[in-house]
Ligand SMILES: Nc1ncnc2c1ncn2[C@@H]1O[C@H](COP(=O)(O)OP(=O)(O)O)[C@@H](O)[C@H]1O
Ligand SMILES: [Mg+2]
């Protein structure tokens, strides 16, 4: 066939593979029509999906778990049949960087002059991967992180047979049950703080899964900061306030956040700062 012929063959089969992946993604995602596809996923993202499949990280997409403005999460499986969540950060969101500056203060991975939006988002995905790994390795219940490649993060799927666990927000437990769940959530905040040395920083009933009253998982750790972040204490107070707000709303007599903060950190809570 000759070198030239081989090269052409490989190039064309790659194009075919990319088109095939695109079709599979479209098939799984009814909220996405073909004409909008290129706006949501650029060519580099498609190539990254291809790369991950080629490496055998996952075999195919089987459905869409979530379709947000900033990321889409697909349900996938690897060849061992393990269920995966594949989070793809969208690269077309020009607001992305602005809304994250608070969380990257002092993080040298982000404070590069002239850093492109694309590079920023890739670094953001790596950051969520790192945070998940730190939390997971410290025994905090979070999805197990498998791989990150550019703007794509692969983690274990929380749920079974393609059905994700309910978010805390979606649960309807009794007051006695919620009291148990509340204890678990505060316990996880403490383990994250003490064991992993990080603060979730976007904790609420939307980023906690609770398959039953006694089991909780924290998800969405991209904004989590290490205790060295200058605003870590403020974020911790905000997380506690959000958690308390939810549990108060379902009738729990919560422990006030200031005293939880003191027990956890041994220090005084920071003043509440309102946006200017
Ligand atoms: N590992 C996972 N397993 C199952 N479902 C998940 C997983 N991670 C996220 N989800 C689902 O996808 C939704 C969005 O994920 P999240 O990481 O919170 O991203 P964002 O809030 O930035 O869109 C979650 O509310 C949850 O329903
Ligand atoms: Mg979320």
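Since every read-out is calculated from the coordinates, none of them should be taken as a lab result. Here the structure is a predicted model, which means the values were calculated and not measured. Quick reminder, even Gly has a Cβ in these numbers, built from the backbone with ideal geometry, and neighbours come from all protein chains shown.
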Using alpha-carbon coordinates, inclination of helix 232-249 to the longest axis of the chain, degrees: 80 degrees
Length gained when the stretch residue 194-residue 272 is fully extended (0.36 nm per residue, less Cα-Cα span): 25.8 nm
Starting from the 7 Å offset along Cα-to-Cβ, what nm value, one decimal, do you get for the label separation of residue 230 and residue 245? 2.6 nm
How far, in degrees from 0 to 90, does helix 43-54 lean away from the longest principal axis of the Cα atoms of the chain, to the nearest 10? 90 degrees
Set the Förster radius R0 to 41 Å, insert the Cβ-Cβ distance between residue 59 and residue 206 as r into 1/(1 + (r/R0)^6), and round the FRET efficiency to 0.05. 0.85
Gain on full stretching of the segment that runs from residue 36 to residue 163 - 0.36 nm per residue minus C-alpha separation: 43.1 nm
Using the alpha-carbon atoms, what tilt in degrees (0 to 90, nearest 10) does helix 2-28 show relative to the longest principal axis of the chain? 40 degrees
Tell me what the chain gives for mean residue ellipticity at 222 nm when only DSSP H runs of n ≥ 4 count, each as -39,500 (n - 2.57), the sum divided by the residue total, rounded to 500 deg cm²/dmol. -13500 deg cm²/dmol
With Rg and the Kirkwood Rh both taken from Cα atoms, where does Rg over Rh land for segment 115-201? 1.05
Efficiency of FRET from Cβ geometry, residue 177 and residue 18, R₀ 45 Å, rounded to 0.05: 0.40
In whole Å, largest first, the alpha carbons of the chain cover along the principal axes 74, 45, 33
Centroid-to-centroid separation of segment 78-95 and segment 122-154 [C-alpha atoms, Å]: 12 Å
How far, in nm, would the chain grow between residue 170 and residue 256 when pulled straight, counting 0.36 nm per residue and subtracting the alpha carbon separation? 28.6 nm
If I model a spin label at residue 97 and residue 50 as a point 7 Å from the Cα along the Cα→Cβ vector, what separation in nanometres do I get? 2.8 nm
With the Cα gyration tensor of segment 27-163 giving a ≥ b ≥ c as the square roots of its eigenvalues, does the rule (a/c under 1.5 for rounded; else a/b larger than b/c for prolate; else oblate) give rounded, prolate or oblate? oblate
